[in-house]
Structures are given as C-alpha cells and as structure tokens.
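Here the structure comes first, spelled out in structure tokens, and everything after it is commentary.
The values are calculated or read from the model by the stated rules, or taken from the named source; none is laboratory data. Computed from a prediction, not measured in an experiment: that's the story for all the values here. So basically every Cβ, Gly included, is an ideal-geometry build from the backbone, and we count neighbours across all protein chains shown. The accessibility values were calculated without ligands, DNA or RNA, using every heavy atom of the protein model including side chains. Shrake-Rupley method; radii C 1.70, N 1.55, O 1.52, S 1.80 Å.
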Amino acid sequence: MKSKITLLLINCFLCSQAQVGINTNTPGSTFEVNGSFATPYKQITTAAYSLSASDQYLDYRGTATAAWSLPAAQTSPNFKGRIYEIRNESGFNIVLTPNGTEKIDISNTQVSQSNFALPSGYYAVVKSTGNTTGSTWVVTLFSNGLASNSGSTGSGNTNGFSSAVLGYTPVNASLRTVPATFNGASVTELGCKKWTGAGSNGHTYCAYQLGAGTTFYNTFSLAKQIGGYIVTLPSTAERTWVYNNILAAAPNGYNLNNNIWIGYNKVAYPGNSNEFTWITGENWVIDWTTSPNSTPQGFFAGGEPNNANGNEGSCHIYNTSNNSSRLWNDLAGSSTSSNGVNFDQIVLEFNQD
C-alpha cells in the first residue's frame, strides 16, 4: 500500500511539471482532451434565478423578462475564471446582475456596469475576474448569431446591425428609461409605435420633444441613456413608415416638424478618408433598378451630403418650413439649430419590444 501511495504522489508531481492529455500520450497543449467531454446544461423557464457553482450552460426559455443573479465573489476559495454560457431563446431580456455593489465589464466602453441585459436571441459568455470588489465579472463573448425571436424581417434595418459598432447594447423598448431632463433641457416622450406587418422589421420607434436644441453628439448620449439609438433609415420602406407614422401630423404621427438628427455620421478610419456610415453598422438597401448607377435608398437633397466648409459630419432630416419633402442634409454635429429651427425633436429606435 505504501508503495502505491508513493507512486501516486510521484505521478501527481510529474503531472504538475509537464503537459497533460486525456486519450493522448503526446499532448500539444498544457491540457489536451482527445475525445468528447460533457459540461452541465440546464434549461431555465423561471424569470428569477440565481446562478450556482454547478451551473455552466444555461438556456432561457421563459415568458417574461428574466432577473438573474450572479454569485457573490469570495476570497477563499476564489472562483477566478469560472465561466457561465448563457443562451437567450426567450422573447425577453435577461438582466444579469452581480451581487451587491459588485460590477460587470461588458465592453471596453461599458465597464463597471451594475447589470448586463442580454437581449432575445443573443448568446453570451460571462467569466469571473477573481476580483472580490469592483468588476468581479466580465463578458468575454457577446453574439447575436442565434436566430432572434424579435420578428425582424428583411426591410434592411437589421442587415448588419452591430452593437460593437454602436458601442453599446440597446435595451428592449419596454425597459427604456426616460429622464425628466437632459443637459438642463426637459425631455418629454410623445409616444412610441412598433412597425409590424409585411416587410417590417418589428422595431419600435419613440418620439421625444426636448426643451432646447441639442447637438448630434448629445442626442447620441441621450439615446444611450434612454436605451435606444438615433433612428437609422437604410431603406425606403423604413423611411416611409417612419415619416408616415412618427414624423407626420396627428393623429397618424407626433407632429415632428423641426430638424431631426438621423444615425448617419462620418467615421475617421485610420489611414483612410472620412466616410459616412450608419451608427449601427447597418448596410444600405440598394436600388438595383438604377443600374448601371445602382444607388442606396437614401433621401438626400440634391448635392448633399457636400461637407460644406469642411466640417459637416452628421446628417439630419430637414424641418418642414425649409423643405416640405423632408429631405436629408449633412451639417456640423455640434449644431443645435439649422436655418433658425432647433434640433429639439428626436426619434429613437429599439430593436426589441
């Protein structure tokens, strides 16, 4: 018995000094498995859930917004590197919250967040940092590669949408948070409508009246605070619906007659000239009937965008008094008004209900 124990100790020592393999005598990595292995899989239907030490892959199939809690960090034993894989196959957000005052890093621009909203149809990997205060968790993978239940179809608005390009993840429209004021100006929500039916994208659009004109940059920040993003209009179908149902006079729309920023802005790509792009990374729907000069389904006024004075990098919808057709124009993003009319009305878009 003594010799067996000694041999076991020697083998354990050798394992700690060399590479280890399972079903292979010549592992190429520190730990190599030559064959399949199993990790825990659990399907969750309850909205309230606390992740445990025995969880690893969680698949949410509930019928309401989920409020899930991450375990409290601890010094000993420290579970640095613990991984949770979360798949959201419900039609609702999963709001993942660290314990107490602990935080979670979502991206390089969203650090030390109080929670993480995983939208319907998305997948995420969350890992423990080993910290016991501050950011105790980090999102190491965030993807919408799964089929979404949002009901979005081919109008063009979901074509290429990227939260990485936008810089944050929009929330469900039902989870939006509207402040009473922003930068000293009042914020009033006029109403929201969802685009449904044939050719729609299933998105929700909300209209707001501000107490003062605001720049493109501040409008972007306000949109992020509320939880949506500045409206993008990469297709004729979407633009037509927004114009007829959001911008239009009551009772069809919300009487948005002033200048309105849209999410089409210049990006200074390193080593290349500035280029306009949708802030969501979406692609234009192309009008192929104009071949050989096929064009995106834009709505710019003649000669626009023209970068007048070399500083026009943001785009907007003309106010009705200057342009009854509500064509588009480029302008300096620092502007709060144009032709005597304020940018005090905004339209935000939400991908999910």
Quick one: would you say GLY253 is open to solvent by 40 Å² or more (accessible area, probe 1.4 Å) and over 15 Å from PRO234 (Cβ atoms)? no
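Mind listing just one residue for me: the one in the range 275-315 that is in a strand (DSSP E or B) and of a type in the set (Asp, Glu) and, of those, farthest from SER337 (Cα to Cα)? Walk me through how you get there before you give the answer.
Going through the range 275-315, the residues in a strand (DSSP E or B) turn out to be 275-278, 286-287, 295-296, 300, 314-315.
Cutting the leftovers down to of a type in the set (Asp, Glu) gives us 275, 287.
Numbers: GLU275: 23, ASP287: 32 Å.
It comes out as ASP287.
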Output the strands (runs of 3 or more DSSP E) that fall wholly within the range 108-179 and possess 1 or more residues being surrounded by 16 or more Cβ atoms within 10 Å (Cβ to Cβ), within 16 Å of the chain's Cα centre (by Cα) and modelled with pLDDT under 85, or say none. 135-143
Just one listed residue, out of ASN306, ASN319, is open to solvent by 20 Å² or more (accessible area, probe 1.4 Å) and either out of contact with any helix residue (DSSP H, G or I) (no Cβ under 7 Å at 6 or more places or on another chain) or under 18 Å from PHE220 (Cα atoms) (or both), and it is ASN306
Criterion violated by GLY313 - all others in (1) in contact (Cβ under 8 Å) with a residue 24 or more places away in the chain; (2) small (Gly, Ala, Ser); (3) surrounded by fewer than 18 Cβ atoms within 10 Å (Cβ to Cβ) satisfied: (3)
Do you know which residues across the range 261-293 are open to solvent by 40 Å² or more (accessible area, probe 1.4 Å), hydroxyl-bearing (Ser, Thr, Tyr) and closer than 28 Å to TRP195 by Cα? THR289, THR290
Do you know which residues across the range 330-353 are over 30 Å from ALA117 (Cα atoms), touching a helix residue (DSSP H, G or I) at 6+ places or on another chain (Cβ under 9 Å) and open to solvent by 30 Å² or more (accessible area, probe 1.4 Å)? SER334, THR336
Those residues of the range 255-299 which are free of Cβ contacts under 8 Å to residues at least 40 places away in the same chain, of a type in the set (A, V, I, L, M, F, W, C) and over 19 Å from ASN311 (Cα atoms), in sequence order: ILE286, TRP288
Just give me the residues in the range 220-247 being surrounded by fewer than 16 Cβ atoms within 10 Å (Cβ to Cβ) and over 26 Å from GLY167 (Cβ atoms), in sequence order. THR240, ASN244
Across (1) in contact with a helix residue (DSSP H, G or I) (Cβ under 7 Å, 6 or more places away or on another chain); (2) over 30 Å from GLY91 (Cα atoms); (3) open to solvent by 20 Å² or more (accessible area, probe 1.4 Å), ASN258 clears everything bar (1)
Going residue by residue through the range 259-277, is there one that turns out to be touching a Leu at 6+ places or on another chain (Cβ under 9 Å) and more than 26 Å from LEU166 (Cα to Cα)? no
Collect the residues in the range 180-191 that are surrounded by 14 or more Cβ atoms within 10 Å (Cβ to Cβ), under 22 Å from GLY202 (Cβ atoms) and not charged (D, E, K, R), keeping them in residue-number order. LEU190
Of the criteria (1) loosely packed, with under 15 Cβ neighbours inside 10 Å; (2) within 23 Å of the chain's Cα centre (by Cα); (3) polar (S, T, N, Q), which one THR204 fails: (1)
The listed residue being at pLDDT below 95 and in contact with a Ser or Thr (Cβ under 8 Å, 6 or more places away or on another chain), out of ILE286, ILE226, ILE279, ILE230: ILE286
Do any residues in the range 239-254 that are closer than 15 Å to CYS192 by Cβ have Cβ atoms under 8 Å from those of residues that are β-branched (Val, Ile, Thr), where the two are at least six apart or on different chains, and which pairs are they? VAL242/VAL231; VAL242/VAL347; ILE246/VAL347; LEU247/ILE260; LEU247/ILE317; LEU247/VAL347; GLY253/ILE246; TYR254/ILE246
